[in-house]
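Quick notes on the structure that follows.
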Amino acid sequence: GGGGGGLSLFGMRNTSQGLKGTFFDFKQTASGQATNLTVDQCLGIIRNFVAGGMNEATFGRFFKGPEPLYTSQILIPTISAEEGPKAFNLQDKVQPRMWCVHYKGQVTAPVTGRFRFVGFGDDVLVVRFNNQMVLDSSIYDFTSKSAQQHYLFDGLQEPSWFKGCGIGTEFNVSAKSKYPIDIVIGEMPGGVFRAYVLIEQVGGAAYQKDSKGNPIIPVFRMTPGKSPTVEGDVPKVADETPVWQASSGL
């Protein structure tokens, strides 16, 4: 563990490059009083958040981490659920369960084409792109659009219940155009956490295949430069990663 690892997995403090990530704890109010919510009640709050267009006002009564992080990618192997609060410097304030991080900003499409997000969150991963829900690939269903098809990529050794990374709804983009994006990840009962957000071009891109026949697609990457390497159980991803340049200011 250690703070350094958590920093690069959830984002960096000392930059505003990438998507802005804000941490919320459902176990306590904004002023630090216990809410005594159940996991089911927390899931309902996230459903409302997603249904309402991911407006942070939905979380207004809950504790919000004072320091945002800025991330260039979401590729988080199985880690202890306490690494989330620790990355946001909240290990003394937040118990490692019933928390979420909302990443928000605008991304510029690298090319004109048709794309879909592919990913998984244990327990929460929902992606909203250009004001449309495009991926719900969580352990729980947060929308009526939870992923029906999956890629069980090389690199993921899994329990029998795990179907793989969910394949999202297709959408079109134009090169150099900017699009709003929101991603919510989170942990519910505690224990371990992981999240992956990849992106696949539909048609027009020839991907190599992994040993199971899944396309080897890139991580959804939002800042130029060398992609941070991630140790642990993450999908095998393409080396060539087109950058969806992000600006956190809307």
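A few points about this structure:
- Apportionment of accessible area to carbon and sulfur, the range 1-109, percent (1.4 Å): 45
- Spacing of the modelled spin labels on Glu67 and Gln157, each 7 Å from Cα toward Cβ, amounts to 3.5 nm.
- Calculated accessible area for the range 94-213 comes out at 41 Å² per residue, all protein chains present (probe 1.4 Å; ligands, DNA, RNA ignored).
- Model label points for Ile139 and Ser174, set 7 angstrom from Cα along the Cα-to-Cβ axis, are 4.3 nm apart.
- Entry note, the chain: the mean residue ellipticity at 222 nm calculated from DSSP H runs of n ≥ 4, each adding -39500 (n - 2.57), is -3000 deg cm²/dmol after division by the residues and rounding to the nearest 500.
- Measuring only protein heavy atoms, the 1.4 Å probe finds Trp161 accessible over about 140 Å².
- Heavy-atom accessible area ranking, 1.4 Å probe, most first, across Thr112, Thr223, Thr169: Thr112, Thr169, Thr223
- One quarter of the surface of the convex hull around the alpha-carbon atoms of the range 111-250 equals 9.1 nm², the direction-averaged projected area.
- Ranked order, Arg194, Arg114, Arg128, Arg61 - accessible area, probe 1.4 Å, largest first: Arg61, Arg114, Arg128, Arg194
- Accessible heavy-atom area order of Asp40, Asp141, Asp136, highest first, probe of 1.4 Å: Asp40, Asp141, Asp136
- Counting only protein heavy atoms and a probe of 1.4 Å, the accessible surface of the range 117-250 is 47% carbon and sulfur.
- Under 5 Å from the amide H of Phe62 lie the amide H atoms of Ala30, each residue being 5 or more positions distant or on a separate chain, with H modelled from the backbone and absent for Pro and chain starts.
- Projected area, mean over directions - the range 144-200, Cα convex hull, nm²: 5.9
- If you take the Cα centroid of the range 30-63 and the Cα centroid of the range 75-94, the two points sit 19 Å apart.
- Stretch gain in nm, segment Val111-Asp239, where the contour uses 0.36 nm per residue and the Cα spacing is subtracted: 44.3 nm
- Spin-label pair Asn36-Ser80: with each label point 7 Å from Cα along the Cα-Cβ axis, the two points sit 3.0 nm from one another.
- Efficiency of FRET from Cβ geometry, Lys226 and Asn48, R₀ 41 Å, rounded to 0.05: 0.60
- Per residue, the convex hull around the alpha carbon atoms of the range 52-147 comes to 131 Å³.
The values are calculated or read from the model by the stated rules, or taken from the named source; none is laboratory data. Not measured: the values here are computed from a predicted model. We place every Cβ from the backbone using ideal geometry, glycine too, and count neighbours over all the protein chains shown. Ligands, DNA and RNA are excluded from the accessible area calculation, which covers all protein heavy atoms including side chains. Shrake-Rupley method; radii C 1.70, N 1.55, O 1.52, S 1.80 Å.
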